[in-house]
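Reading through the structure tokens given below for one structure.
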Amino acid sequence: MPVAYLAGPMTNLPAFNFPAFTAAAAEWRRWGWEVRNPAESFGGRTDLDRTTYIRHDLGLLLEVDA
């Protein structure tokens with residue numbers, strides 16, 4: 001199964017744009033993709049240091065096909 005990483009704006013957006021990420025992930029999954037969705041990382045927590053999120057996401061990028 002191909003793996004995709006979802007990317008898009010989050011900073012300074014209402015609810016960190018999680019609803020858009022959730023909708024996009026659902027659509028990609030319907031198309032047969034495995035999805036790495038940053039909105040699902042850390043159980044959806046938004047209170048961690050920005051560096052923590054960036055380091056985590058860089059690791060996710062090494063796992064994906066698209």
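Residue count for region 28-61 satisfying the condition of being more than 19 Å from Leu13 (Cα to Cα) and of a type in the set (D, E, K, R): 5.
Taken together, Gly32, Gly8 contain a single residue that is in a loop (DSSP other than H, G, I, E, B) and in contact with a helix residue (DSSP H, G or I) (Cβ under 8 Å, 6 or more places away or on another chain), which is Gly8.
Taking region 2-20, which residues are of a type in the set (Gly, Ala, Ser) and open to solvent by 80 Å² or more (accessible area, probe 1.4 Å)? Listed by number, the list holds a single entry, Ala7.
Residue-level check: of (1) open to solvent by less than 40 Å² (accessible area, probe 1.4 Å); (2) not in a strand (DSSP E or B), Gly43 misses just (1).
The values are calculated or read from the model by the stated rules, or taken from the named source; none is laboratory data. None of the values given here were measured: they were computed from a predicted structure. In this analysis, Cβ positions are derived from the backbone assuming ideal geometry, glycine residues included, and neighbour counts consider all displayed protein chains. Note: accessible area is taken over every heavy atom of the protein model, side chains too, but ligands, DNA and RNA are not part of it. Shrake-Rupley method; radii C 1.70, N 1.55, O 1.52, S 1.80 Å.
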